[in-house]
Amino acid sequence: MPPRPIVSPPRRITRSSLARFRYGDNSSGSKENSTPPPADIEDIIPNTTAIRKRKRTTTLLEASSTSPRRTVKTEEEVETKVTAPPASRRQRKPARKTVDAKTGEATVSAPSDWEEIYDAVKAMRSPGGVAANAAVDTMGCERLADTTTSPRDQRFQTLIALMLSSQTKDTVNAIAMKRLQTELPPHAPGAPPGLNLENVLAADAELINKLIWAVGFHNNKTKYIKQAAVILRDQWGGDIPDTIEGLVALPGVGPKMGYLCLSAAWDRTEGIGVDVHVHRITNLWGWHTTKNPEETRLALQSWLPRDRWREINWLLVGFGQTVCLPVGRRCGDCDLGLRGLCKAAERKKVLEGRKTRESTQVKKLEDDGSIVKIEELKEEETIEKDVVVNEIVKDEDKELLTTTNQFKGSPETSPKQRENVPKRQRKSNKT
Ligand code: SF4
């Protein structure tokens, strides 16, 4: 029987045996223990991130009349140290309701960046802005009344313009209004022709329908106009109602038309006229999540300062007609997209827009004559013909090539290519 190996019992771990690993303990004098204890991993890794970047710089030089344009383009490797975490994303908060715990009073806070957005849109809608010159500026319902007629007739015309405007473009609406203003016959001999209550009451429904045929739902609108004319004559003394209740009681008139009519015709703003543009765009911005224009109106009215109630319709309708289009939004031209204010901005368009804007700014400086951007002017390579090297040409193709060359000229007619052709072959080509 072989002798059993001697196994020493496991060493007992005691407090004193672990003491030699104690932080800062050099008492043992051993080499191992004399080295400082390892630092914490968080202390070892610095709070900086080194990013190697290849940076291309283009030098901007003073233009001078004597020196021609030069190209100075440098490329260097730059090491950037980022010590802080990236800036936090912009916080966007929609309109929100809060209830005061003490008083129980409910207040609605405005969306976090509404004023910045509002001012940016206003700047875009101003003369020279990207959203200036919208159809609504010249052909909006507020502008279609004939100013040569009496104030009462003008109010009536504004109401009719609004009744015609639903589901219809401003341009088409303006044409229909013009026809009514010029082609409606007078209700009595000697009376003025054109669009007024008396002429509408006297006119045949068929004639009105014919004059407004271009607008959407013209059959229904003709019916509503005739019915409304009777109500105005019988209940409102021949004028249009001066209350929102009276206006929305007319056939075919909803809150949007009612509030717009009240402010345009009577210069009284008691509510916001919310059409599809206002509803769509404010939802895109994340100001609220509403299902229809009426919900949007109530949401906006709960926090938007009253002095903007009239203006916002004009602002956003024009903005929706020119920049934030229902189909094909121009986010690359929109300041909201470029400044990162719109959460619905189309990223690709915005990036392209930023590039275009940067190059335009440089060009502007150039036009001033003060600074010239010097850029490497690369000679463009022009590929005239793909040359296949060592191609095996079949016999029939050779024949075809020869025939074609007779008509089109040999491919090796350029001076550079001619140099590569042996002299003997060049001679044969000539003959
Ligand atoms: S960035 Fe685009 S989606 Fe946003 S408001 Fe401008 S056009 Fe409309």
Notebook entry, point to check: Each residue of the range 321-327 in order: what ³J(HN,Hα) in whole Hz does its phi give by Karplus 6.51 cos²θ - 1.76 cosθ + 1.60, θ = phi - 60°, with x for Gly and Pro?
Noted result: 7, 10, 10, 8, 5, x, 10
Notebook entry, point to check: What does a probe at R92 reach in the range 284-313, counting residues whose amide N is under 14 Å from the point 7 Å along Cα→Cβ?
Noted result: 284-290
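Compute, for the range 118-333, the length of the dipole vector about the Cα centre, with Cβ point charges of +1 (Lys, Arg) and -1 (Asp, Glu) only. Units Debye, rounded to 20. Don't skip to the answer; put the middle values down first.
Values: 23 positive and 22 negative charges, 108 e Å.
My answer is approximately 520 debye.
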Note to self: Taking each pair of distinct Cα atoms in the range 118-333 once, what is the resulting Kirkwood hydrodynamic radius in Å?
What the structure shows: 18.0 Å
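Provide V121, V200, V130 in ascending order of the number of other Cβ atoms located within 10 Å of each residue's Cβ, fewest first. It would help to have the intermediate numbers written out before the result.
On the way: V121 25, V200 22, V130 15.
Fewest-to-most Cβ neighbours within 10 Å comes out as V130, V200, V121.
Taking a threshold of 24 Å on the Cα-Cα distance, which of the pairs K102/K343; K169/K348; K169/K223 fall above it? Present the calculation step by step, with values, prior to reporting the outcome.
Working: K102/K343 35 Å; K169/K348 29 Å; K169/K223 20 Å.
Where the Cα-Cα span goes over 24 Å, the pairs concerned are K102/K343; K169/K348.
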Checklist line | Linear extension gain, R233 paired with T148, 0.36 nm per residue minus alpha-carbon span | finding: 28.4 nm
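Can you give the extra length, in nm with one decimal, that the chain gains between E295 and R357 once fully stretched, where that is 0.36 nm per residue apart less the Cα-Cα distance? Before the final figure, lay out the partial values.
Numbers: separation 62, 0.36 × 62 = 22.32 nm, distance 3.75 nm.
Result: 18.6 nm gained on full extension.
Plugging the Kirkwood radius over Cα pairs into Stokes-Einstein for the range 215-288, at a temperature of 10 °C and a viscosity of 1.306 mPa s, what D comes out in µm²/s? Intermediate results must be reported in sequence, preceding the final value.
Details: Rh = 13.6 Å.
The calculation lands on 117 µm²/s.
Where a number appears in this text, it was derived from the coordinates with a stated rule and is not lab data. Quick caveat, the model's predicted, so the values are computed rather than measured. Reconstructed Cβ throughout: ideal geometry from the backbone, glycine too, with neighbour counts over all protein chains shown.
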